[in-house]
Amino acid sequence: MKTNKVLYHAEMVNKEGLPGQSYVKGQGELSVPVSSPLKPQQGANPEQFVGLALATCLNATLQAIEKQRGFEHKSQVQVGVDMMYDTHGYQFMVNGQVLIPDQPREVAEDMLAEAETRCPVAKLLQGSDNVHVRVVDQFDFAPEDA
């Protein structure tokens, strides 16, 4: 039986909103200027953070699965995030694409299915109608309303 022992804890802070600074509290010097993607100010935005979190965590999980199966690490993950209006303001549409070269489609899809049950970020986003992740033969992004 597994316990709920905390293996790592991080605290992220934003005091100013957008534009402003977001930083990791007590974890070195990670501070990121943030802004709205709809404004001309320089800075990262929540859309990018969500996409980076999913792309990084999902590919790290796929890397572990590749290693367990005796495969060379070749998986790649790209995530597109579109911000759109909904009835209460804005919503994000997340489109994840997974490329696993040199693997048959069935094997790649099986690896993705396993990764989605193990990746903490994928599990966090699981069940949202706004999140779709699929295996692709090549990356091809287009905005949701193109």
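The values are calculated or read from the model by the stated rules, or taken from the named source; none is laboratory data. Remember, it's a predicted structure, so these values are computed and weren't measured experimentally. Here Cβ is always computed from backbone atoms with ideal geometry, including for glycine, and neighbour counts include all displayed protein chains. With ligands, DNA and RNA removed, areas are computed over all heavy atoms of the protein, side chains included. Shrake-Rupley method; radii C 1.70, N 1.55, O 1.52, S 1.80 Å.
Before we move on, is PRO46 closer than 24 Å to CYS119 by Cα, open to solvent by 40 Å² or more (accessible area, probe 1.4 Å) and not hydrophobic (A, V, I, L, M, F, W, C)?
Yes; evaluated as a whole, the condition is true for this residue.
Using the structure shown, decide if VAL34 is within 21 Å of the chain's Cα centre (by Cα) and either loosely packed, with under 15 Cβ neighbours inside 10 Å or acidic (Asp, Glu) (or both).
Judged against the criteria, VAL34 is not a match.
Yes/no matrix, rows are residues, columns are (1) open to solvent by less than 70 Å² (accessible area, probe 1.4 Å); (2) of a type outside the set (Gly, Ala, Ser); (3) in the same structural domain as ALA108 (by the TED database); (4) more than 22 Å from VAL94 (Cα to Cα):
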| site | (1), (2), (3), (4) |
| --- | --- |
| LYS5 | no, yes, no, yes |
| HIS9 | no, yes, no, yes |
| GLY17 | yes, no, no, yes |
| TYR23 | no, yes, no, yes |
| GLY28 | yes, no, no, yes |
| LYS39 | no, yes, no, no |
| VAL50 | yes, yes, yes, no |
| ALA55 | yes, no, yes, no |
| GLN63 | no, yes, yes, no |
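Which members of the stretch 104-134 meet the condition of being surrounded by fewer than 14 Cβ atoms within 10 Å (Cβ to Cβ), part of a loop (DSSP other than H, G, I, E, B) and not hydroxyl-bearing (Ser, Thr, Tyr)?
PRO104, GLN126, GLY127, ASP129 - these are the residues of the stretch 104-134 that are surrounded by fewer than 14 Cβ atoms within 10 Å (Cβ to Cβ), part of a loop (DSSP other than H, G, I, E, B) and not hydroxyl-bearing (Ser, Thr, Tyr).
Could you tell me which of the residues PRO33, PRO40, PRO101 is free of Cβ contacts under 8 Å to residues at least 40 places away in the same chain and outside any loop (DSSP other than H, G, I, E, B)?
Being free of Cβ contacts under 8 Å to residues at least 40 places away in the same chain and outside any loop (DSSP other than H, G, I, E, B) holds for just one of PRO33, PRO40, PRO101, which is PRO33.
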